Amino acid sequence: MTQEHRKFICITCPRGCALDVTMEGEAVVKMEGNSCKRGIDYVTGELNDPRRMVTTTVRVRGGVHPLAPVYTESPIPKPRILDLLAEIRKIELRAPVKFGDVVIENALGTGVNVLASRNIPAKSEAS
Amino acid sequence: MADKKYDVIIIGAGVVGSMVARFLSRYKLDILLIEKDSDIGMGASSANTAIIHAGYDPKPGTLKAEMNVVGNQMFDQLAGELNFTFERRGDYVVAIGPEEFAKLESLRQQGLENGVPGMVILNGADVRRREPNINPEVSGALWATTGGICDPFGVVVAAAENAVVNGVTLMTDTTFEDFIMDGKRIVGIKTNRGDFRSRWVVNSAGLYSDVVMHKAGLRPEFKITPRKGEYYVFDKAEITINNVLFPVPSATSKGILVTTTVHGNTIIGPNALEIDDKEDRSITREGLDEIWQGAINLIPSLSLRYSIAEFAGLRPGGNAPCANPDVNYNKDFIIEIPKEVEGLVNLGGIESPGLSSSPAIAVRVVELLKGAGEKLEEKSEWNPIRKARPRFRDMLPIEQKLLIENDPSYGRVICRCENVTEGEIVAEIHAPIPACTYDAIKRRTWLGTGRCQGGFDTPRVVEILARELGVSPLEISKKGKGSEFLVRPTKDEEAK
Amino acid sequence: MLKEKYDVIVIGAGPAGLAAAIEAKKTGAQDVLVIERAQELGGILQQCIHNGFGLQIFKKDLPGPAYAQRFIDELAGLHIDTLLDAMVLNVSSERHVYATSRGSGFVELDTRALVLAMGCRERTRAQIALPGTRPAGVYTAGTAQRFVNIEGFMPGKRFVILGSGDIGMIMARRLTFEGAKVERVLEIMPFLTGLTRNYVQCLQDYDISLQLQHTVKRIIGNDRVEAIESVQIDNQRQPIPGTEETIPCDTLLLSVGLIPENELSRKAGVSLDPVTAGPFVDEKMQTNVPGIFAAGNVVHVYDLVDWVTQAGMLCGRNAAQYAIAERKHLGRRVKMKAGDNVRYVVPHVLDKESLAESAQRLQMRVTLPIEEPVWVEVMNGEERVTRKTELYVRPGEMVNIDIPQSAYDAVQRASELSVRIVRR
């Protein structure tokens, strides 16, 4: 089987080891550049189920700001990020928004909730 | 609007056009002042060294010399009437080394010939006392006590506002296209906003004064060649220069100055680069290097670390020979009522000392019109006084307190670096000449010119402008149509 | 509602100011006031909607506003006065504070201890003398971030970003998320100046190209940015002729550095370190002016907000103790000096007796990256006071070292300590 080289930068800790991974098909046969075992876990994750935390904003009606920042409670599968952003784009919350409010429950069936990152008071509340 | 007939149309609301409008507004005339840009004074008038020259530099016998000296003398009264910032500080032509010192006397003689009062030659020790950071090789200076500094855009706004309050109609975003002729008589102008009829037209179009006069078939050999001058501005907390310092002048320019300004910043520049493009105000690596070399010759201890801004201005340099054939000079002002056509007051090539000369040029225009048979009847209700609007940062704490008590919006500081308040911004948006763009507010209030260069204030100014003008923030621009800050809401449905 | 005299006034309600105010109150200062120029608490965190905050001190990965919300809620429960939408105009060395706001008008306040927590401003286009025209569409990354996240507007459609600092990379992803195109990120240094994590998650993940040793040669466009001319630079930072590229875009974002905002500090007579552009401080975060303390980015630019919170707490505690007991300087101090490959060390001076109470932490930034194990050493001349090992050092990541209490005697002997980085 032909061997393929792929490069990764591990982000488990701030060190950011540059990893050189030799693959045969879907299998990792060799890894160089990692300073610890976590590099292997990282690459395994990136190859099989890469996930990311997603942070963005959502529209708010009647609040002191027109947008509220939101975040995924835990990382979601990387290939679904753009779909999630499109879903969030459709939503308009009504003020007041409270930190921790669930904006989307079980987003796109991933089991991950999207929450509000802060309070957004209603416009009349503000002095 | 298109059917209204004016007595005078003035093309170009720079400092010259605005001064002409102001001085003509005294008379019972219907006056229209047009300006192609979104705001007045966006040409040479707002990008220069801000000096009211003493008048020793222009060649004797030229209009430049005459207008400079007469204009200079008018500034105290004018500043008092129009309430713009002007300080008659005196300026110094600094000689470095013995050879340059020898040139000072001939400069002084030239000044005497031009009628400049109050000039003194100082020795090196005198100069060092007055400006401790001066190049230690300083050999002396020509001290011209009538030189001054001002806020040049402040002069334009003050003159134009006074004109408008006294009845002049101002139209911005209005570009002259052609004259409307009846035989050899100019009876009006065509613009992008329609045709306007008038008995007189004043050409004060600055960089485009050649284009305008050529449309009337005048002076085909006259050409405006823009000469770019670049500047550095320094942090006023770090660099303090006490005076206006010129080098000994060369053949092509007054040289690269190091000077204080009425806002307290030190600026250095300008260089003098001839270019073709009348809209090219880009700053260049070479230009900045050149002015830096010139500046450290005067003040070696300057540090680029403390520069906070750069800008460039274009001088509308013309090639008109002096009207007096005995004077060998071919870059003089054109100030005339030409014989070839009727109904035109032609002003061309008003580069430095244009700002200093502007009130004198305006007075000359009035005289020319009288000489051409215009019966200029004075308005009894003409008010030469224009009141200045409050500038929060220039006020004492007790004055600031009273201002805020009277209007709480003066309590909200929008530009942190220069302490410009919301009250001032709102006042400019609703002034006789409304400020509708960010740069227009910046020119008037000095907001955004400090260390953070608008980093903090821009979103707030956009919000205030949108609110006061009753438009979406998407329509707010830096300097007119095409320079809007924002392109769409973050959550625009169409984006994805 | 505002008192005339306070125990502690904090200028700035970002993470440093909030932590300082809360800690000051908990330490026993009765009357505490926070003055903030924005209309809400939280400072810059409110526009930093990305995550990565709190990993160290809360062991959670929070977005900036969520991190701020914790402190905002805690402050609300502690009866700390706040003055919002207010600008401090002047501060005297006697800690007289002049501020103005729309709501309260012109106020004059006195305080026993003052905490400066004004954070940073961004380096501007003008400060790097970028040649070219001055069209609309040139923003510092922070101003653009404010528009996108708070005001709710996009400043452009096609972006070029100058600078690989964190805020530039974060904005690259943010803009991509909101439907814009980021054409290029240019970095003048031969190394990444922000965190590697951000390179992966903001640029690599979205195929945004980063070019090291590249910069903007000039800006093109009259009314609006139309293009950027980029150029490659050599190891002497000189442009390499023939490497110019015109990149069409409508917006240039500048992420070229943060500068501590110390104009008020200056007015109060506080001495500033020209290297950090922040005040000289001791281990209590007190400046050279008695009773005036400083914390957070106003002292030096931090990499993680968790350390800012810690500094704010330390500062607030000391400010409160000063206010309560007006505790003056005890005896002798030792100066800290930046040695090999260290750009600066904070605090700048140490009270020698402080080691009797606890270990003392030094924070620094290195000048050049070393991607190999190094020693971080605190030296008294040739005598080593303490050292620790780091697997690597980078300018984008702050380095700490603690002087242990066991070094008390060594420090008593020293008049100056230097901190240096040495390869192992």
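The values are calculated or read from the model by the stated rules, or taken from the named source; none is laboratory data. In this text, all values refer to a predicted model and were calculated from it rather than measured experimentally. Methodologically, a virtual Cβ is constructed for each residue, glycine included, from the backbone with ideal geometry; neighbour enumeration extends over all protein chains shown. Only protein heavy atoms, including side chains, enter the accessible area calculation; ligands, DNA and RNA are left aside. Shrake-Rupley method; radii C 1.70, N 1.55, O 1.52, S 1.80 Å.
Taking the criterion of being of a type outside the set (Ser, Thr, Tyr), at the interface with chain C (Cβ under 9 Å from one of its Cβ atoms) and under 25 Å from the mean Cα position of the chain (by Cα), the residues of the range B:301-323 that qualify are B:Ile308, B:Ala309, B:Glu310, B:Phe311, B:Ala312. Looking only at residues of the range B:250-300 that are among the hydrophobic types (A, V, I, L, M, F, W, C) and in a loop (DSSP other than H, G, I, E, B), we find that the one that is nearest to the other protein chains (Cβ to nearest Cβ) is B:Ile275. If you check C:Ile9, C:Ile22 for being more than 26 Å from A:Ser74 (Cβ to Cβ) and either in contact with a Ser or Thr (Cβ under 8 Å, 6 or more places away or on another chain) or at pLDDT below 95 (or both), only one passes: C:Ile9. When every residue of the range C:91-99 is checked against the conditions, none turns out to be buried (at least 18 other Cβ atoms within 10 Å of the Cβ), under 30 Å from C:Pro155 (Cα atoms) and not assigned by TED's automatic domain parsing to the domain that holds C:Val225. Scanning the range C:166-187 for residues that are hydrophobic (A, V, I, L, M, F, W, C) and either touching a Gly at 6+ places or on another chain (Cβ under 8 Å) or within 12 Å of another protein chain (Cβ to nearest Cβ) (or both) gives C:Ile167, C:Met169, C:Ile170, C:Leu175, C:Phe177, C:Ala180, C:Val185, C:Leu186. Within the range C:75-103, the residues that satisfy the criterion of being more than 23 Å from the chain's Cα centre (by Cα), away from chain A (no Cβ under 11 Å), farther than 25 Å from C:Arg266 by Cα and not in a strand (DSSP E or B) are C:Gly77, C:Leu78, C:His79, C:Ile80.
Of all residues in the range A:40-60, those satisfying the criterion of being modelled with pLDDT under 95 and either open to solvent by 50 Å² or more (accessible area, probe 1.4 Å) or facing chain C (nearest Cβ under 8 Å) (or both) are A:Ile40, A:Asp41, A:Thr44, A:Asn48, A:Asp49, A:Arg51, A:Arg52, A:Met53. Selection of the range B:194-219 for residues being charged (D, E, K, R) and either part of a strand (DSSP E or B) or modelled with pLDDT under 95 (or both) yields B:Asp195, B:Arg197, B:Arg199. Condition check for C:Asp81 on (1) closer than 24 Å to B:Arg460 by Cβ; (2) open to solvent by 10 Å² or more (accessible area, probe 1.4 Å); (3) touching a residue at least 24 places away in the same chain (Cβ under 8 Å): one failure, at (1).
Considering only residues in the range B:307-347 that are out of contact with any strand residue (DSSP E or B) (no Cβ under 7 Å at 6 or more places or on another chain) and of a type in the set (A, V, I, L, M), the one that is nearest to B:Ser358 (Cα to Cα) turns out to be B:Ala323. Does at least one position in the range C:311-326 carry a residue that is farther than 22 Å from C:Ala277 by Cβ, in contact with a strand residue (DSSP E or B) (Cβ under 7 Å, 6 or more places away or on another chain) and in a strand (DSSP E or B)? For the range C:311-326, residues farther than 22 Å from C:Ala277 by Cβ, in contact with a strand residue (DSSP E or B) (Cβ under 7 Å, 6 or more places away or on another chain) and in a strand (DSSP E or B): absent.
Among the residues of the range B:17-44, those that are under 14 Å from B:Val157 (Cβ atoms) and open to solvent by less than 20 Å² (accessible area, probe 1.4 Å) comprise B:Gly17, B:Ser18, B:Met19, B:Ala21, B:Arg22, B:Leu33, B:Glu35, B:Asp39, B:Ile40, B:Gly41. Note on the range A:21-34: among residues that are surrounded by 14 or more Cβ atoms within 10 Å (Cβ to Cβ) and either in a strand (DSSP E or B) or of a type in the set (Gly, Ala, Ser) (or both), the one that is modelled with the lowest pLDDT is A:Val28. Quick test of your reading of the structure: C:Gly28 fulfils all but one of (1) within 11 Å of another protein chain (Cβ to nearest Cβ); (2) open to solvent by 20 Å² or more (accessible area, probe 1.4 Å); (3) of a type outside the set (A, V, I, L, M, F, W, C); (4) in contact (Cβ under 8 Å) with a residue 24 or more places away in the chain. Name the failing condition by number. Condition not satisfied by C:Gly28: (1). Evaluating B:Asn135 against the criteria (1) closer than 17 Å to B:Leu257 by Cα; (2) in a strand (DSSP E or B) leaves one unmet condition, (2). Tallying residues that are more than 9 Å from every other protein chain (Cβ to nearest Cβ), closer than 15 Å to C:Tyr206 by Cα and open to solvent by 70 Å² or more (accessible area, probe 1.4 Å) within the range A:71-92 yields 3. For B:Gly154, are the conditions met, namely being over 22 Å from the mean Cα position of the chain (by Cα), at pLDDT 95 or above, of a type in the set (Gly, Ala, Ser) and closer than 30 Å to B:Ser38 by Cα? The answer is no for B:Gly154. Against the numbered list (1) among the basic types (Lys, Arg); (2) farther than 26 Å from C:Leu314 by Cβ; (3) within 14 Å of chain B (Cβ to nearest Cβ), C:Arg266 comes up short only at (2).
In the range B:77-129, what residues are closer than 21 Å to B:Asn242 by Cα, among the charged types (D, E, K, R) and free of Cβ contacts under 8 Å to residues at least 60 places away in the same chain? Listed by number, the residues that qualify are B:Asp126, B:Arg128, B:Arg129.
Yes or no, residue by residue, for (1) part of a strand (DSSP E or B); (2) more than 13 Å from chain C (Cβ to nearest Cβ); (3) modelled with pLDDT under 95; (4) in contact with a Leu (Cβ under 7 Å, 6 or more places away or on another chain):
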{"residue": "B:Ile350", "(1), (2), (3), (4)": "no, yes, no, no"}
{"residue": "B:Ser358", "(1), (2), (3), (4)": "no, yes, no, no"}
{"residue": "B:Glu367", "(1), (2), (3), (4)": "no, yes, no, no"}
{"residue": "B:Lys375", "(1), (2), (3), (4)": "no, yes, yes, no"}
{"residue": "B:Asn383", "(1), (2), (3), (4)": "no, yes, no, no"}
{"residue": "B:Gln400", "(1), (2), (3), (4)": "no, no, yes, no"}
{"residue": "B:Tyr410", "(1), (2), (3), (4)": "no, no, no, yes"}
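B:Ile186 meets each of the listed conditions (1) in a strand (DSSP E or B); (2) surrounded by fewer than 20 Cβ atoms within 10 Å (Cβ to Cβ); (3) touching a Ser or Thr at 6+ places or on another chain (Cβ under 9 Å) apart from (2). The listed residues are B:Glu405, B:Glu424, B:Glu428, and the only one of them that is open to solvent by 30 Å² or more (accessible area, probe 1.4 Å) and not in a loop (DSSP other than H, G, I, E, B) turns out to be B:Glu405. Residues that are crowded, with 23+ Cβ neighbours inside 10 Å and either of a type in the set (Ser, Thr, Tyr) or more than 8 Å from chain B (Cβ to nearest Cβ) (or both) within the range C:144-165 comprise C:Ala144, C:Gln145, C:Phe159, C:Val160, C:Ile161, C:Leu162, C:Gly163, C:Ser164, C:Gly165, listed in sequence order. Of all residues in the range B:475-496, those being over 20 Å from B:Thr172 (Cα atoms), outside any loop (DSSP other than H, G, I, E, B) and facing chain C (nearest Cβ under 7 Å) number 3.
Close contacts from the range C:63-74, counting a first residue that is at the interface with chain A (Cβ under 8 Å from one of its Cβ atoms) and within 15 Å of A:Pro69 (Cα to Cα) and a second that is assigned to a helix (DSSP H, G or I) and polar (S, T, N, Q), with Cβ to Cβ under 6 Å and a gap of 6+ residues or different chains, come to C:Pro65/C:Gln46.
Taken together, the residues in the range C:268-304 that are aliphatic (A, V, I, L, M) and at positive phi amount to 2.
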